[in-house]
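The values are calculated or read from the model by the stated rules, or taken from the named source; none is laboratory data. The structure displayed is predicted, hence computed values, not measured ones. Cβ sites come from the backbone with ideal geometry, for glycine too, and all protein chains shown count toward neighbours. Ligands, DNA and RNA are excluded from the accessible area calculation, which covers all protein heavy atoms including side chains. Shrake-Rupley method; radii C 1.70, N 1.55, O 1.52, S 1.80 Å.
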Amino acid sequence: MKLNNGRFTVIEGGKSKKNTNKKDIDGRETMGKDPASHVASQDPASHLASQGAAPHGRVLTECYVTNTRLMGVLAMYMRFDAPSSVPENSSFDAPGSAMKKSTGDTLHMFFYFDAEEFGFDNYKSMVGDDTQEVAELRGSIMGGLGGEPQNISLREAVHILKHYVRFNRERGIPMPEGIEEYGFLLNLDGKLSEPDQYILNRKICVRLQNDYEAVNYFLMRCFGKDFEGAKLVMAPGILQEKDTAIAPGNVQNAEDEASIAGGKCAGMQLELFPDYRQGTFCKNIIDEGREPGEYICESLVEFGDCYHLTITKVCVKNRLVCGYERINNQTVSAREAAMMLSRSEFINVYMRVGEPHFNVPDGQICDINGELGLIPGRNLSKLTEGAMIHNYPDGKLFMIFKPNNNHVAKKEYRLNEDVLGLYFVSDIELVCASNSKADIWELEKDLAKSTIRAELKPTSRYEFKEPVIYEYMNSGFESFSQFVAVISGADL
């Protein structure tokens, strides 16, 4: 059954009547592996036991970082094994590969860095070989980043860590708990030569696919006041003297660098909106300018509690930004912003029937924390293995991300297009939501192979004109049908 209802359409099942008009605002390519960074034995500092630095004489056997620097974040993983468990002539495994055999004394360290506001923002660790627990930690730190892991050397890892430790100290931001574990790394040498810094920057940044991606990343970093990140997609030698020297960035080769360095856009500034703090790059529409490589951008940016519609011109050559101008800036109301961000939301509802059962190692019903309960944890399905998970009073939210950040390479960029969809699971139903039919089909296929597929009974499908899933999760209603009845004006 398909019934148009103004705010939403009932595609199959459920009831509907005329509703309110309320509006809400909701809120890669793998680089070639460098042998010097791939083989642990080639980096003298990697054998920390010889320096008396590694906890309990452990040896670094795996180390990687995500290539998500242009998104403003990085996640890093380090694995230390007891020497007795490391084979002779050991080298790093491929990132995320199966773990080496160990004595159970393996130290797993996960770091999360934010380049805009929070610096060295999070640290988690565990000792042991529980692969499920390691996967849980990895998912909680790296699950929503959409990047690919890149092998790095110990020196490169120390360089990254020290960089964000300085970030915190300069801004008075406290360090994450656990310094008694990771503190030894701060005593190691993390200095990099300019060529080494260039190599590291290539690892932590994706290769740009087109001009649109260069423009979107550049504006995202500039509005976030992350000018260090913006320089990574810029042609070298074009900043005004008051800007700091450009870091080795995304230049493809020496010929590209020479062809851009003396360009007509020399002397550009990065800070064109000095009256505002960090902004959230909500939406961007790119139009071609008058000249080749010239783009006019209409961006919706949230600065604090206010929305601004900004018009800028960005010039690009060889997928590197070489010009940036401010054309116009005006405030818009929350209602106007909601209209600009409005998009359809597809929702499928499944009733949970029969006795709940989950495919967990001990045969018991477990939640994310390993406690007995009626709501499954990360082992719910294949897609939830890397999901961000949040607990609500009436259920659990699984936010499932796409495996890459290709949405940044589009002519029309939207902030939340890296999200594939959501599962909201209670003890009586599962609600899945997405913003496109293609993505909701992917969720359906995932649930058909989930650990609770035998107890899921499809009951209804909806197409809403704007997102409502967060409104439902915070509404306190026991079921989605009750929530729909209220927002549609139906009698309960």
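Hey, among ILE452, ILE487, which residue is among the hydrophobic types (A, V, I, L, M, F, W, C), closer than 16 Å to GLU345 by Cα and open to solvent by less than 20 Å² (accessible area, probe 1.4 Å)?
Testing whether each residue is among the hydrophobic types (A, V, I, L, M, F, W, C), closer than 16 Å to GLU345 by Cα and open to solvent by less than 20 Å² (accessible area, probe 1.4 Å) leaves just ILE487.
Select from region 211-228 the residues that are of a type in the set (Phe, Trp, Tyr) and open to solvent by 10 Å² or more (accessible area, probe 1.4 Å) and list them in ascending order.
TYR212, PHE227 - these are the residues of region 211-228 that are of a type in the set (Phe, Trp, Tyr) and open to solvent by 10 Å² or more (accessible area, probe 1.4 Å).
Exactly one condition in (1) open to solvent by 10 Å² or more (accessible area, probe 1.4 Å); (2) over 30 Å from GLU294 (Cβ atoms) is not met by ASN416; state its number.
Evaluating ASN416 over (1) open to solvent by 10 Å² or more (accessible area, probe 1.4 Å); (2) over 30 Å from GLU294 (Cβ atoms) leaves (2) as the failure.
Could you please find all residues in region 191-226 being outside any helix (DSSP H, G or I), charged (D, E, K, R) and more than 16 Å from THR68 (Cα to Cα)? Lay out the reasoning, then the answer.
If we filter region 191-226 for residues that are outside any helix (DSSP H, G or I), which is where we start, we get 191-193, 205-210, 224-226.
Remaining after also requiring charged (D, E, K, R): 191, 207, 225-226.
Residues satisfying the conditions are LYS191, LYS225.
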